[in-house]
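The values are calculated or read from the model by the stated rules, or taken from the named source; none is laboratory data. No experiment lies behind these values; they were computed from the predicted model shown. Heads up, the Cβs are rebuilt from the backbone with ideal geometry, glycines too, and the neighbour counts pull from every protein chain shown. Accessible surface areas use protein heavy atoms only, side chains included; no ligands, DNA or RNA. Shrake-Rupley method; radii C 1.70, N 1.55, O 1.52, S 1.80 Å.
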Amino acid sequence: SLTKTSGTSSRSTSQLGRHFHHRTPGNFLDPEVRAFLEENTEVISSGNLTPEIRLRLLTPRCRFWKERADLWPFADPFWAIYWPGGQALSRYILDNPNIVRMGSVLDLGSGCGATAIAAVMSGASHVLANDIDPIAGMAMVINCELNNVNPFPIAIKNITDTKLDKWDLIVLGDMFYDEHLADCLHHWLGKCIKMYGTKVLIGDPGRPQFTGHSIHRQLHKVIEYSLPEPTRRENNGLTSSIVWSYQP
Ligand SMILES: C[S@@+](CC[C@H](N)C(=O)[O-])C[C@H]1O[C@@H](n2cnc3c(N)ncnc32)[C@H](O)[C@@H]1O
């Protein structure tokens, strides 16, 4: 099995995975996992729509990018990519801070945490980042540090299974990539809007699972961004990303 070649540990990556999964999901600061993530990601601040946010991401220069992807010891690292939908939302929030200022914001499916970080930078009073992947939680703590942003609370769970909370704004970047998930989100967001009048913004680069979904008939286009070349290359020909407002 693959053995770490540097750092303080000589555990194999598969042992590392087991080690982490025995810990409570709330323990985001496991030093060994943190060292592993820092060793196997790269700090990026260009090639996307928000160069003012620094992020640890998987890049072609990282050893797990292609040939060793199957040896990655955790769940698929969706958090290690800054998706076009999240990029558009973050750009929009940074350029229009009044959208979040003094309000509460839920970033559902936060991944690397960039959109939650944009909300904090733009003056939101309360931000919650939510993902189902505990490693995303760790990555978000590291990314907050990189941007000198106070870490926001992070909920690792399927929030659509829990009771509704009141949010001024819910943002979802690239979350409509799976039909079942899209149905759940559609239903749950509708309830939030009905109960609390929550504003919902969705970022998406035109994925068929999104444009073909029934939610699409209830959206209003807010803004469209042309994607930078490196993001286009990583996303198989997608050229723009749109922020939509969901108003059933
Ligand atoms: C395509 S990525 C988008 C990440 C980020 N919003 C962005 O735009 O860069 C989807 C993320 O949603 C998370 N996810 C999937 N199902 C979820 C659920 N039911 N609740 C919360 N997060 C979920 C995944 O773990 C992943 O980090």
**OP:** Would you look at the GNM of the chain, springs on alpha carbons closer than 10 Å, and say which of Met138, Met195, Met121 moves the most?
**Re:** Met195
Original post:
Using a Gaussian network for the chain with springs between C-alpha atoms less than 10 Å apart, which of these wobbles most: Gln209, Gln87, Gln218?
Top reply: Gln218
**OP:** At 7 Å along the Cα-to-beta-carbon direction for both Ala69 and His126, put a label point, then send me their distance in nm to one decimal.
**Re:** 4.0 nm
Original post:
Do you know the Lys pair count in the chain for C-alpha distances under 23 Å, with sequence separation 8 or more or different chains?
Top reply: 15
Original post:
When every alpha-carbon pair in the chain is counted, what percent end up more than 30 Å apart?
Top reply: 24 percent
Original post:
Given a 1.4 Å probe, how much area per residue of the chain is accessible, in Å²?
Top reply: 47 Å²
Subject >> Sum of -39500 (n - 2.57) over DSSP H runs of 4+, divided by residues of the chain (222 nm, nearest 500) >> reply: -9500 deg cm²/dmol
Original post:
Once the piece of chain linking Lys163 and His220 is laid out straight, how much longer is it, given 0.36 nm per residue of separation minus the C-alpha distance between them?
Top reply: 17.8 nm
Original post:
How do 164-172, 61-69 rank on mean C-beta neighbours within 10 Å, highest first?
Top reply: 164-172, 61-69
Original post:
Which trypsin sites (Lys or Arg not before Pro) does the stretch 181-248 hold that lie in a coil by DSSP with at most 14 other beta carbons within 10 Å?
Top reply: none
